[in-house]
Amino acid sequence: MANTDERRFEVLRAIVADYVSNQEPVGSKTIVERHNLGVSSATVRNDMAALEEEGYITQPHTSAGRIPTDKGYRLFVDKLSEIKPLSAAERRAITSFLDSGTDLDDVLRRSVRLLAQLTRQVAVVQYPMLTNAAVRHLEVVPLTPARLMLVLITDSGRVDQRTVDLGDVLTEESVLRLRTVLNGALAGRRLAEAAARVAELPEVAPGELRDSLTRICTVLIESLVDHPEERLVLGGTANLTRNVADFPGSLRQVLEALEEQVVVLKLLAAARNPGAVTVLIGEENEDEQMRSTSVVSIGYGRDDMLLGGMGIVGPTRMDYPGTIAAVRAVANYVGQILSGR
């Protein structure tokens, strides 16, 4: 029986491969001609009948071939024993393209553009989540003798700039002392912990710095505890229009859903661990407007720290092995780049 099951899965795999490639329902004769399964057309027809009865394939038209169902794609994805690795040239191209990003915004824009080009689908990248970030450095820049710019840099690559009017004139030596005190309290700490330390600083500050430090800390706490609405970068939306037939009557709904940031964030919510790919197929998508799509998502970050999510949205008829490989590779490089900044 195991041999029968394995052969039927090979028939399903052949149907998925041909349908993804040609967008045409697949018949038994085509499978025998194109795929070396070592069995007759009659055996393939019997296997297709069994696969159809079990809900893995369906017949879209009378006397036509078969196409995979959501359940069929799911079995195919679950049984992917290995993902075709990207070539050395592809990996070099990804590294070179992303390494030349100038800052966090540029890296994420490049990531979306690259993912959309590699997969020919809609790509989406979530900005690093502040809750997981730690302070890398606080730069204190004198704008005038009585005004400072604070540049807060996190280990996830975020840069937040604020200005502070001090009310008093500070010497260069006082600015240097402030910078030392602030970085001693902040560097390496998660944002919530850093906010608590900053709140305590004025109480222990030297008398001559207390007023200035109180004003600075008031502004800094806003940066540390203010969690703006999660930001997303989206690209390649036009790719969905290449094959409108993949979204019978629902392409407009999909495009409208992609404009809703909350919907897209929900799609990425399944990506909890860096390096772990999640595939949601058709009806598995919680949002009704997205049920003609598949979503391949992944968390990016370093080690066990999740910075954010990224992924692609496309029709259920997609090249799953190639898409998973591309999403995983880009996420891996983005995690490395942001960790090294």
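The values are calculated or read from the model by the stated rules, or taken from the named source; none is laboratory data. Just so it is clear, the model here is predicted, and its values are computed rather than measured. Note that each Cβ is placed from the backbone with ideal geometry, even for glycine, and that neighbours are counted across all protein chains shown. Quick note on the areas: whole protein, heavy atoms, side chains included, nothing else; ligands and nucleic acids left out. Shrake-Rupley method; radii C 1.70, N 1.55, O 1.52, S 1.80 Å.
Every residue, every condition in (1) closer than 30 Å to residue 307 by Cβ; (2) open to solvent by less than 80 Å² (accessible area, probe 1.4 Å), yes or no:
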| position | (1), (2) |
| --- | --- |
| 193 | yes, no |
| 199 | yes, yes |
| 205 | no, yes |
| 224 | yes, yes |
| 238 | yes, yes |
| 261 | yes, yes |
| 267 | yes, yes |
| 276 | yes, yes |
| 280 | yes, yes |
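Within the stretch 155-202, the set of residues being within 16 Å of residue 220 (Cα to Cα), more than 32 Å from the chain's Cα centre (by Cα) and among the small types (Gly, Ala, Ser) comprises 184, 185, 199. When 111, 174 are screened for being in contact with a Leu (Cβ under 8 Å, 6 or more places away or on another chain) and closer than 30 Å to residue 312 by Cα, only 111 passes.
From the list 8, 13, the one residue that fits, being without any contact (Cβ under 8 Å) to a residue 60 or more places away in the chain, surrounded by 18 or more Cβ atoms within 10 Å (Cβ to Cβ) and not in a loop (DSSP other than H, G, I, E, B), is 8.
Report yes if residue 176 is modelled with pLDDT of 85 or more and hydrophobic (A, V, I, L, M, F, W, C), otherwise no. It is true that residue 176 is modelled with pLDDT of 85 or more and hydrophobic (A, V, I, L, M, F, W, C). Per the conditions (1) open to solvent by less than 50 Å² (accessible area, probe 1.4 Å); (2) modelled with pLDDT under 90; (3) within 14 Å of the chain's Cα centre (by Cα), the sole criterion not satisfied by residue 287 is (3). Restricting attention to the stretch 16-34, the residues being surrounded by 16 or more Cβ atoms within 10 Å (Cβ to Cβ) and closer than 20 Å to residue 322 by Cα number 5.
Only residues that are loosely packed, with under 13 Cβ neighbours inside 10 Å and in contact with a Pro (Cβ under 9 Å, 6 or more places away or on another chain): list them for the stretch 46-70, please. Matches in the stretch 46-70: 60, 61, 64. Taken over the stretch 16-56, residues that are assigned to a helix (DSSP H, G or I) and under 12 Å from residue 68 (Cα atoms) amount to 8. Looking at this structure, is residue 113 basic (Lys, Arg), within 28 Å of residue 265 (Cα to Cα) and either outside any helix (DSSP H, G or I) or at pLDDT below 90 (or both)? The answer is no for residue 113. Inclusion of residue 184 among residues that are open to solvent by 30 Å² or more (accessible area, probe 1.4 Å), under 22 Å from residue 157 (Cα atoms) and in a helix (DSSP H, G or I) is warranted. Assessment of the stretch 117-130 against the conditions (charged (D, E, K, R) and modelled with pLDDT under 90) yields no matching residue.
Of the residues in the stretch 78-92, at least one is surrounded by 15 or more Cβ atoms within 10 Å (Cβ to Cβ) and in contact (Cβ under 8 Å) with a residue 60 or more places away in the chain.
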